[in-house]
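Scroll down for the structure; my scribbles are underneath it.
The values are calculated or read from the model by the stated rules, or taken from the named source; none is laboratory data. Note that the structure is predicted; figures quoted are calculated from it, not measured. No Cβ is skipped: glycine too gets one built from the backbone with ideal geometry, and neighbour counts run over all protein chains shown. SASA here: full protein model, heavy atoms, side chains in, ligands and nucleic acids out. Shrake-Rupley method; radii C 1.70, N 1.55, O 1.52, S 1.80 Å.
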Amino acid sequence: MNKIGLFFGPIGGSTHKAGQIIAKALGNENVDLIPVKEASVETLKKYDSIIFGISTLGRETWDGIHTKNDWDLFMPIIEESDFSSKKVAIYGLGDSVTYAMSFVDHMGILAEKLENAHANLIGAVATDGYSFEESKAMQNGKFVGLPLDEDFEDYLTQERVDRWVAMIKPILLG
Ligand SMILES: Cc1cc2nc3c(=O)[nH]c(=O)nc-3n(C[C@H](O)[C@H](O)[C@H](O)COP(=O)(O)O)c2cc1C
């Protein structure tokens, strides 16, 4: 059976922690947890089933105004890859209180880049139970992936993950 490649960034924060929770829910034996910082086109090619984890940290994440972060460096690799034969799911870390107007925006921006690279995205999540104003991560009234808020709603993370994993696990491992 092929393993799931769970690619996340940055290392050491909430996105990393959520990756570990998701991997555990999927069964650690089914998942390789890989920081995007350490991944290449070749690493991506090894996996037919992929989960990407990203946080939303403001414009500098994308414009590279400050130091280049993990996702700045990895995004060109996404753009030059072809995901048409792969199953891809995304989770995104955000803060629905302080950043209610841009909640998990980068999950949406990543989804757009993946779709341009012919990804077949799975694991869209209904907005029920989330309070926010605006999000670029919305498509057809749903989130393109799983939003998690470790800043204000960490007590909801486990049940959100469990529900999402129940949805995506049979597809990713099928
Ligand atoms: C400078 C900065 C900007 C942020 N901007 C947003 C934002 O626009 N939307 C959002 O949902 N969360 C935003 N957040 C919250 C982070 O996404 C959240 O704290 C997340 O858990 C960080 O994950 P990490 O520790 O893996 O980087 C921002 C946080 C910081 C520090």
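Odds and ends about this structure:
- Extension gain, SER84 back to ASP128 (0.36 nm per residue minus Cα-Cα distance, nm): 12.8 nm
- In this rough spin-label picture, where each label sits 7 Å from Cα along the Cβ direction, the ILE171-LYS142 distance is 0.7 nm.
- Around ALA117: net Lys/Arg minus Asp/Glu count, Cβ-Cβ under 11 Å: -3
- Contour minus Cα-Cα distance for ILE11 and LYS37 (0.36 nm per residue): 8.5 nm
- Calculated mean residue ellipticity at 222 nm for the chain: -10500 deg cm²/dmol, from DSSP H runs with n ≥ 4 weighted as -39500 (n - 2.57), summed, divided by the residue count and rounded to 500.
- Here the spin labels are modelled as points 7 Å beyond Cα on the Cα-Cβ line, and at LYS3 and GLN158 they lie 2.6 nm apart.
- Cα gyration tensor category, rounded, prolate or oblate, for the stretch 64-154 with a/c compared to 1.5: oblate
- Working from the Cα coordinates of the stretch 4-173, the gyration tensor eigenvalues give, after taking √(5λ), semi-axes of 21, 19, 15 Å in decreasing order.
- Computed over protein heavy atoms with a 1.4 Å probe, the accessible surface of the chain works out to 48 Å² per residue.
- Here the dipole of the stretch 4-173 is about 480 debye; that uses its Cα centre as origin and unit charges on the Cβ of Lys and Arg (positive) and Asp and Glu (negative).
- Highest mean first, the peptides 92-102, 161-171 sorted by other C-beta atoms within 10 Å per residue fall in the order 92-102, 161-171.
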